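K.L.:
Below: one structure in structure tokens.
The values are calculated or read from the model by the stated rules, or taken from the named source; none is laboratory data. Bear in mind the structure is a predicted one, so any value in this text is a computation, not a measurement. Quick reminder, even Gly has a Cβ in these numbers, built from the backbone with ideal geometry, and neighbours come from all protein chains shown. The area values use the complete protein model at the heavy-atom level, side chains included, leaving out ligands, DNA and RNA. Shrake-Rupley method; radii C 1.70, N 1.55, O 1.52, S 1.80 Å.
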Amino acid sequence: MNKQLKIWKEAIRLRTLPVSLSGVLMAIGIACWQNLFRWIPAILCIVFALLAQVVSNFANEYYDYRRGADKKGRVGPRRGVTEGDIKPKTLRNATYITLAVACLVGCGLIPYGGWQMIPVGIAIAVFALAYSTGPYPLSYHGLGELTVFLFYGLVPVIFSYYVMAGRMDALAVLGGITIGFIGVNVLLVNNYRDVEDDIEAGKRTAVVIFGRRLAAAAYLFNGYMAIAMLSPLWLMIYLNGTLSMWVYVVPLLYLVLHTITWLKLNRYRGAALNPLLGETARNMLIFTILMLIAFVL
């Protein structure tokens, strides 16, 4: 039982889940600051975001196995299907069952966001699968980072805020860009580690296309660019003093953690990079939780 639980935890990729959670937390923080927070849509957004990422993770493992992109003894974390721990049919069924549950949860947002939430939900579902499969799998053509930026950054922040507040807001867009840049780094670390395996499998990620040196530079740039997107927020603080001083301190703390992780990225290779995937996601989660607290304060 414990072994099976561990196998499925690896398939879910627990340490990457802060990527989907962070966007919703940023939206919650902005809504709280503006006194527009609502519990029910917030909880639905959290559950939907987590389920959607699990769908994407399951689909990525299943379809990478089908394409032969994953192999036994890979540098990255163990893959249950490739190693024979999970039957391919079982993981495929789990992918689509989880997708169905996510869609049901998403339907609960229609009373708060209107029927226009349906095309948003459909787009999220399609791209969760299109990342790894279909006639033009995005992760195989250097489009994985763009997908993460949109569907783990802009989309969750903007539309989570929308279903809570009942309106769009420029600050939510800036928050979405911030989370998007940080979220891309989780994928960059993953592809940075797997570059040799991806070349062998014919998987043209952005790291394969542009090389490790540019990927490491992009990692550093993304973190600093994310914080730069918060400049209008700092200006608002300066002009009206309605936010806690921690809204200044938290981004600086994130940049310290981000830079430390980047230094490790330049120094390590192979399996030694595995902890940096979780570390990057951890930095992201720390940033968003502390920003949420700062907004509330």
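K.L.:
Would you be so kind as to identify which of ALA206, LEU188, ALA226 lies farthest towards the positive end of the dipole of segment 164-227, taking Lys and Arg as +1 and Asp and Glu as -1 on Cβ and the Cα centre as origin?
P.N.:
Result: ALA226, furthest along the dipole toward the positive end.
K.L.:
Okay, moving on. Give, rounded to the nearest 20 debye, the magnitude of the charge dipole that segment 86-240 has about its Cα centre when Lys and Arg contribute +1 at Cβ and Asp and Glu contribute -1 at Cβ.
P.N.:
The dipole magnitude comes to about 240 debye.
K.L.:
In addition: At a threshold of 8 angstrom on Cα-Cα distance, excluding pairs fewer than six apart, so keeping six or more, what relative contact order does the chain reach in percent?
P.N.:
Relative contact order here is 26 percent.
K.L.:
For the chain, what does the accessible surface come to per residue with a 1.4 Å probe? Please give it in Å².
P.N.:
45 Å²
K.L.:
For all pairs of alpha-carbon atoms in segment 74-193, what percent lies in each bin of width 5 Å, listed from the first bin to the last filled one?
P.N.:
Histogram of Cα-Cα distances, whole percents per bin: 2, 10, 15, 18, 21, 17, 10, 5, 2, 0.
K.L.:
I'd like to compare 196-207, 158-169: which one has the highest average count of other Cβ atoms within 10 Å, and what's the full order after that?
P.N.:
158-169, 196-207
K.L.:
Compute the acute angle (0 to 90°) between the alpha-carbon long axis of helix 18-33 and the principal axis of greatest extent of the alpha-carbon atoms of the chain; round to the nearest 10°.
P.N.:
10 degrees
K.L.:
If R₀ is 25 angstrom, what is the calculated FRET efficiency for the pair LEU104 and VAL126, using the beta carbon separation as r and rounding to 0.05?
P.N.:
0.90
K.L.:
Sorted from largest down, what three extents in whole angstroms do the Cα atoms of segment 1-131 have along their principal axes?
P.N.:
So the extents along the principal axes, rounded to whole Å, are 51, 26, 26.
K.L.:
TYR112: accessible area at probe 1.4 Å, nearest 10 Å²?
P.N.:
70 Å²
K.L.:
I've got another one for you. For the Cα atoms of the chain, what angle does the longest principal axis make with the long axis of helix 274-296, in degrees from 0 to 90, nearest 10?
P.N.:
20 degrees
K.L.:
From a point 7 Å beyond the Cα of ILE286 in the direction of its Cβ, which residues of segment 210-235 have a backbone N at a distance under 19 Å?
P.N.:
Under 19 Å, as judged by backbone N against the label point of ILE286, lie 219-228 of segment 210-235.
K.L.:
Normalise the Debye intensity by I(0) for segment 144-272, one equal point scatterer per Cα, no solvent, then take log10 at q = 0.12, 0.15, 0.16, 0.21 Å⁻¹ and round to two decimals.
P.N.:
Log10 I(q)/I(0), no solvent term: -0.54, -0.78, -0.86, -1.20.
K.L.:
Between the helical axis of 155-165 and the dominant principal axis of the chain, each derived from Cα atoms, what acute angle in degrees is found, rounded to the nearest 10?
P.N.:
Helix 155-165 sits at roughly 40 degrees to that axis.
K.L.:
Let me ask something else about it. For LYS3, which aspartates and glutamates qualify as cross-link partners when the Cα separation must be under 15 Å and same-chain residues fewer than eight apart are set aside?
P.N.:
GLU83, ASP85
K.L.:
Here's something else I'd like to know. Using the Cα centre as the reference, give the magnitude of the dipole from point charges on the C-beta atoms of the chain (Lys, Arg: +1; Asp, Glu: -1; all else neutral), rounded to the nearest 20 debye.
P.N.:
Using Cβ point charges on Lys, Arg, Asp and Glu, the chain gives about 720 debye.
K.L.:
Sequence neighbours fewer than 8 away in the same chain don't count; with that in mind, list the aspartates and glutamates whose C-alpha is under 13 Å from LYS87.
P.N.:
GLU61
K.L.:
Scan around ILE86 for amide H atoms under 5 Å from its own, H built in the peptide plane at 1.01 Å from N, and keep only partners 5 or more places away or cross-chain.
P.N.:
VAL81
K.L.:
Between segment 107-127 and segment 3-66, what is the separation of their alpha carbon centroids in Å?
P.N.:
16 Å
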